1. Using the Karplus equation 6.51 cos²θ - 1.76 cosθ + 1.60 (θ = phi - 60°), what ³J(HN,Hα) coupling, rounded to whole Hz, does each residue of the range 64-79 give in order, writing x for Gly and Pro?
2. Please list the non-local residues whose amide H lies under 5 Å from the amide H of Y53, H modeled 1.01 Å from N, same-chain partners needing a gap of 5 or more.
3. Using only Cα atoms, figure out Rg for the range 7-94 and give it as a multiple of 2.2 N^0.38 Å.
4. Provide the net charge surrounding L25, with neighbours chosen by a C-beta distance below 12 Å and charges set as Lys +1, Arg +1, Asp -1, Glu -1.
5. Per residue of the range 84-90, what does 6.51 cos²θ - 1.76 cosθ + 1.60 with θ = phi - 60° give for ³J(HN,Hα)? Whole Hz please, x for Gly and Pro, Karplus curve as stated.
6. V54: net charge of surrounding residues, Cβ under 12 Å, Lys/Arg +1, Asp/Glu -1, itself excluded?
Amino acid sequence: MYETVHYVLAKNGGLMCLGIPGKVLSISEDDDPILKTGRVSFGGSIKEISLAYVPDVKVDDYVIVHAGFALNIIDAEEADQVFLYLRQMGEALYPDDSDSDSSQPRH
């Protein structure tokens, strides 16, 4: 749902990268921990993500993902808060689209 949101405008007018929360559905172990990957759901859209930076991650954990890499583990409450912030940013950037589905990517 929100994995398509990658950049927002920063206060200085530049672009700022975002990490997006996702839920780990499965983990593919490898002998080399640097090659550890997992299937992560972003509101129903599932992507294969590198888990090399989060060696303690478990199935059903939430992770912050940027550029195909899980960067840290967060709890479900924090993930929900990030989803709320993303919805609010979308509403602030696109106020005339209040009747549209905010879960759809904007072009």
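Each value in this text was obtained by applying a stated rule to the coordinates, not by laboratory testing. What you see is a predicted model; the values in this text were computed from it and never measured. Because the Cβ atoms are built from the backbone with ideal geometry, glycine has one as well, and the counts that use them run over all protein chains shown.
1. 8, 10, 9, 6, x, 10, 6, 9, 7, 9, 10, 8, 4, 5, 5, 4
2. Distant-sequence amide H within range of Y53: A70.
3. Details: Rg = 14.1 Å, N = 88, 2.2 N^0.38 = 12.1 Å.
Compactness ratio reported: 1.17.
4. Working: positive: K23, R39, K47, K58; negative: E48, D60, D61.
Charge balance near L25 sits at +1.
5. Result, ordered by residue: 4, 4, 5, 4, 5, 5, x Hz.
6. On the way: positive: K36, K58; negative: D56, D61.
Within the 12 Å Cβ shell, the charges total 0.
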